[in-house]
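A.B. asks: Sharing a structure, written as structure tokens. Questions coming.
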Amino acid sequence: MAMTVTATFAGVANVLITDGETSILIDGYFSRPSLLKVASGRLRPDERKIKYALNHLGMNGAGQTQPTSGHLDAVLVSHSHIDHAFDSPIVADLTGAKLYGSRSTRLIALGYGLERVPFHEIGHGEPFQVGAFSVTPIIALHSDGDRFPGEITEPVTLPASVKDYRTGGCFSFHIAHPDGTVFVHPTANYISGILREYGADLLYLGAGTAGTKSQSWIEAYWRETVETLGVKTVRAVHWDAFWRPLTKPLKPIPRPFDRVDITMSEFGRLAERDGVDVRLAGLWERETVLG
Ligand SMILES: [Zn+2]
């Protein structure tokens, strides 16, 4: 029986992918503490905000706005920075999902006291099955100016500092389904040729800091992702100021950190040339993936 695969954006690089039976979340960052709070160095995930987001994604019983099974099966953490991994063990614990990520991701869960959350350490090119989805993590490069590089080496206890959340390896995800394939590439950088053997119907493409790069770099980034994957529908992610709550409209990351307007005008030009449909992923916007 053919199923409809859909994908919903939830800020930064959070994307929920479901076929109505099995649901997968990329990352897990819904608490979105203010910059002031981040500066305090005493951070704790906010369960109320996490539940608010899960409700919007149809993953928490009452208040569902999306046609899903209502339960989450997998949380895939692309890297262990705060804006990707912060809430991920709690999301997994609240929903009964399995957590997938690097050893660093595992140390976040352990520091939170969530050793009960089932965990799978991911590796480059090592596929695993979640329901009808075949997921392959692919090693990626963080965008320029990784402020907290390296691995997490001890459990991250709360309250935590943003500095505790080191990269711990960076992954993109090829999420293949008989009825449509999604590729999620959270961070704006590329490794030449690494996506050559993959294809996708819908690409969530990291835009963060791309607007500070040269035109030729953006062209190379497009070639190594959109063109190499042969994908015709692209939604930019990691474009929003991630210290604003999800109860307010998303706003682009401001100068001098980024120029989302420049990124999108370059993407727009390349998309027109290549016959690609590209725009910013909108908050809670659900895409139907046509395989
Ligand atoms: Zn990062």
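A.B. asks: When residues of the stretch 129-151 are filtered for being within 13 Å of the ligand (Cβ to nearest atom), out of contact with any strand residue (DSSP E or B) (no Cβ under 9 Å at 6 or more places or on another chain) and either open to solvent by less than 60 Å² (accessible area, probe 1.4 Å) or free of Cβ contacts under 8 Å to residues at least 60 places away in the same chain (or both), how many remain?
C.D. replies: The total comes to 7.
A.B. asks: Another question, then. Which residues, taken from the stretch 7-27, are of a type in the set (S, T, Y) and open to solvent by less than 10 Å² (accessible area, probe 1.4 Å)?
C.D. replies: Within the stretch 7-27, T8, T18, S23 meet the criteria.
A.B. asks: Condition (residue is within 16 Å of the ligand (Cβ to nearest atom), over 18 Å from the mean Cα position of the chain (by Cα) and open to solvent by 10 Å² or more (accessible area, probe 1.4 Å)) applied to the stretch 192-204: is it met by at least one residue?
C.D. replies: No, there is no match, as no residue in the stretch 192-204 is within 16 Å of the ligand (Cβ to nearest atom), over 18 Å from the mean Cα position of the chain (by Cα) and open to solvent by 10 Å² or more (accessible area, probe 1.4 Å).
A.B. asks: State whether one or more residues within the stretch 239-249 are assigned to a strand (DSSP E or B), more than 16 Å from the ligand (Cβ to nearest atom), modelled with pLDDT of 95 or more and open to solvent by 10 Å² or more (accessible area, probe 1.4 Å).
C.D. replies: no
A.B. asks: Which condition number does E126 fail, the rest of (1) more than 14 Å from the ligand (Cβ to nearest atom); (2) open to solvent by 60 Å² or more (accessible area, probe 1.4 Å); (3) touching a residue at least 24 places away in the same chain (Cβ under 8 Å) being met?
C.D. replies: (3)
The values are calculated or read from the model by the stated rules, or taken from the named source; none is laboratory data. As the structure is a computational prediction, the values presented were derived from the model and not from experiment. Counting neighbours? That spans all protein chains shown, and the Cβs are built from the backbone with ideal geometry, glycine included. In case anyone asks, the SASA skips ligands and DNA or RNA and just uses the protein heavy atoms, side chains included. Shrake-Rupley method; radii C 1.70, N 1.55, O 1.52, S 1.80 Å.
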